[in-house]
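Undergrad: One structure coming up, written as structure tokens, with questions to follow.
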Amino acid sequence: MKCLIVGTDRLGSAPAILKKKFNVNEIVHWDGRKKPKCDLTNLDLIVVYTGFVNHALMKSVKKMAKKNNIRTIYINRGLSELINVS
């Protein structure tokens with residue numbers, strides 16, 4: 001499973017939690033300052049740290065996710081929110 005994490009400068013323990021909870025084995029990371037140009041059509045999951053991205057980027061990610069039917073999880077800042085997602 002491939003996951004895009006948008007926001008935050010450091011991933012910390014997010015990869016381990018995503019692997020355990022969602023079986024994610026590949027992670028693409030955008031720091032949230034600007035949207036890089038790359039092919040993300042084969043994503044399975046998007047995690048957006050809403051406290052670390054601007055509105056324009058969040059809107060762009062949301063549009064991309066909807067267009068490609070990709071599950072998206074929005075969390076404010078903490079991994080505790082990610083742990084509790086089902």
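Read-outs: derived from the displayed coordinates by stated rules, not from any lab. Remember, it's a predicted structure, so these values are computed and weren't measured experimentally. Here the Cβ is made from the backbone with ideal geometry for all residues, glycine too, and neighbour counts use every protein chain on show.
Undergrad: Please sort by residue number the trypsin sites (Lys or Arg not before Pro) in the range 1-69 whose DSSP state is loop and whose Cβ has at most 11 other Cβ atoms within 10 Å. Please report the intermediate quantities before stating the final value.
TA: On the way: sites: Lys2, Arg10, Lys19, Lys20, Lys21, Arg33, Lys34, Lys37, Lys59, Lys62, Lys63, Lys66, Lys67; in loops: Arg10, Arg33, Lys34, Lys37.
Those that pass, being in a loop and sparsely packed, are Arg10, Lys34, Lys37.
Undergrad: For Asp31, what residues show an amide H to amide H distance below 5 Å, using hydrogens built from the backbone and excluding near sequence neighbours?
TA: Under 5 Å from the amide H of Asp31 lie the amide H atoms of Gly7, each far enough along the sequence or on another chain.
Undergrad: Any chance you could run the full-extension gain for Asp44 through Val85? It's 0.36 nm times the residue separation minus the Cα-Cα distance, nm to one decimal. Present the calculation step by step, with values, prior to reporting the outcome.
TA: Details: separation 41, 0.36 × 41 = 14.76 nm, distance 1.56 nm.
So the extension gain works out to 13.2 nm.
Undergrad: Contour minus end-to-end for Asn25 and Lys63, with contour as 0.36 nm per residue of separation and end-to-end as the Cα-Cα distance?
TA: Working: separation 38, 0.36 × 38 = 13.68 nm, distance 2.42 nm.
Stretched out fully, the Asn25 to Lys63 stretch lengthens by 11.3 nm.
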